[in-house]
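Asks: One structure is given below, represented as structure tokens, and several questions about it will come after.
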Amino acid sequence: MIGLSVNGIAHSLDVDPDTPLLYVLRDELGLNGAKFGCGLGQCGACTVLVDDRPAFSCLLPVAALEGRKVRTIEGLGTPDKPGALPAAFEAEQAAQCGYCIAGMIMRAHALLERNNRPTEAELRGHLAPNLCRCGTHMRILRAVRRAAVAMGGGVKEETAL
């Protein structure tokens, strides 16, 4: 048995310890926000937070998570009461096909939770590991800027030296 804390709920699971977290979330816990994209940690569709840091759940064996805190997109709000980031992504119409959005939101959440006043370069650098194949990166950036303001901060303009 493997003990796992997901979105503040403790679970005891009888799974192979080498099973990637993504499969446990989707198949055992019914949390389908994180997606299988490339299976190589190169696209970010599977991004979740582990101890408040973004992680590729497709690469992470569940045995490595004993005693650690996992958060998924489902932990950021509900459809009726979305969190700041999901609401901003909806307001900016940042999703085209939507496949990458949960991973984008989780990666952005890690940044804004740690620093709700990042610079534009910090914002872009932080989101760089996640890909949107539809090409909505500019709307995604606008959504994160909107969420930063909603969370009491904002994205700092950079000045030329």
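Asks: State whether one or more residues within the range 135-157 are open to solvent by 40 Å² or more (accessible area, probe 1.4 Å), over 17 Å from G33 (Cα atoms) and touching a Gly at 6+ places or on another chain (Cβ under 8 Å). Show your work before the answer.
Replies: Filtering the range 135-157 down to residues open to solvent by 40 Å² or more (accessible area, probe 1.4 Å) leaves 135, 137-139, 142, 145-146, 149-152, 156-157.
Subset that is over 17 Å from G33 (Cα atoms): 135, 137-139, 142, 145-146, 149-152, 156-157.
Checking the rest, the ones that are also touching a Gly at 6+ places or on another chain (Cβ under 8 Å) come to 145.
Yes, some residue in the range 135-157 is open to solvent by 40 Å² or more (accessible area, probe 1.4 Å), over 17 Å from G33 (Cα atoms) and touching a Gly at 6+ places or on another chain (Cβ under 8 Å).
Asks: If you go through the range 46-57 one residue at a time, do you hit one that is more than 10 Å from the chain's Cα centre (by Cα), open to solvent by 70 Å² or more (accessible area, probe 1.4 Å) and touching a residue at least 24 places away in the same chain (Cβ under 8 Å)?
Replies: Scanning the range 46-57, I find no residue that is more than 10 Å from the chain's Cα centre (by Cα), open to solvent by 70 Å² or more (accessible area, probe 1.4 Å) and touching a residue at least 24 places away in the same chain (Cβ under 8 Å), so the answer is no.
Asks: Let me ask another. Output yes when any residue across the range 68-77 is open to solvent by 40 Å² or more (accessible area, probe 1.4 Å), in a loop (DSSP other than H, G, I, E, B) and out of contact with any Asp or Glu (no Cβ under 8 Å at 6 or more places or on another chain), and no when none is.
Replies: No: the range 68-77 contains no residue that is open to solvent by 40 Å² or more (accessible area, probe 1.4 Å), in a loop (DSSP other than H, G, I, E, B) and out of contact with any Asp or Glu (no Cβ under 8 Å at 6 or more places or on another chain).
Asks: Among the residues of the range 14-28, which ones are part of a loop (DSSP other than H, G, I, E, B) and open to solvent by 40 Å² or more (accessible area, probe 1.4 Å)?
Replies: If the condition is that a residue be part of a loop (DSSP other than H, G, I, E, B) and open to solvent by 40 Å² or more (accessible area, probe 1.4 Å), then D14, D16, P17, D18 are the ones that fit.
Asks: Could I ask something else about it? Of the numbered conditions (1) surrounded by fewer than 14 Cβ atoms within 10 Å (Cβ to Cβ); (2) within 14 Å of R146 (Cβ to Cβ), C97 satisfies every one except a single condition; which is it?
Replies: In the conditions (1) surrounded by fewer than 14 Cβ atoms within 10 Å (Cβ to Cβ); (2) within 14 Å of R146 (Cβ to Cβ), C97 misses (2) alone.
Asks: Here is a follow-up. Looking at the range 99-126 only, could you name the residues that are under 13 Å from the mean Cα position of the chain (by Cα), farther than 18 Å from D51 by Cα and of a type outside the set (S, T, Y)? Spell out how you get there, then give the answer.
Replies: From the range 99-126, those under 13 Å from the mean Cα position of the chain (by Cα) are 99-113, 126; that's our starting set.
Filter once more, keeping what is farther than 18 Å from D51 by Cα: 99-101.
Matches in the range 99-126: C100, I101.
Asks: Check P129 against each of (1) open to solvent by 30 Å² or more (accessible area, probe 1.4 Å); (2) assigned to a loop (DSSP other than H, G, I, E, B); (3) farther than 23 Å from E158 by Cβ; (4) in contact (Cβ under 8 Å) with a residue 40 or more places away in the chain and name the one condition it does not meet.
Replies: Here P129 meets the rest and fails (3).
Asks: Right, here's the next one. Among the residues of the range 38-55, which ones are charged (D, E, K, R) and part of a strand (DSSP E or B)?
Replies: R53
Asks: Might you check whether a residue that is touching an Asp or Glu at 6+ places or on another chain (Cβ under 8 Å), at pLDDT 95 or above, among the acidic types (D, E) and open to solvent by 30 Å² or more (accessible area, probe 1.4 Å) occurs anywhere in the range 81-94?
Replies: Residues of the range 81-94 touching an Asp or Glu at 6+ places or on another chain (Cβ under 8 Å): 82.
Filter once more, keeping what is at pLDDT 95 or above: none.
Checked the range 81-94: no residue is touching an Asp or Glu at 6+ places or on another chain (Cβ under 8 Å), at pLDDT 95 or above, among the acidic types (D, E) and open to solvent by 30 Å² or more (accessible area, probe 1.4 Å).
The values are calculated or read from the model by the stated rules, or taken from the named source; none is laboratory data. What you see is a predicted model, and the numbers here were worked out from it, not measured in a lab. Here Cβ is always computed from backbone atoms with ideal geometry, including for glycine, and neighbour counts include all displayed protein chains. The area values use the complete protein model at the heavy-atom level, side chains included, leaving out ligands, DNA and RNA. Shrake-Rupley method; radii C 1.70, N 1.55, O 1.52, S 1.80 Å.
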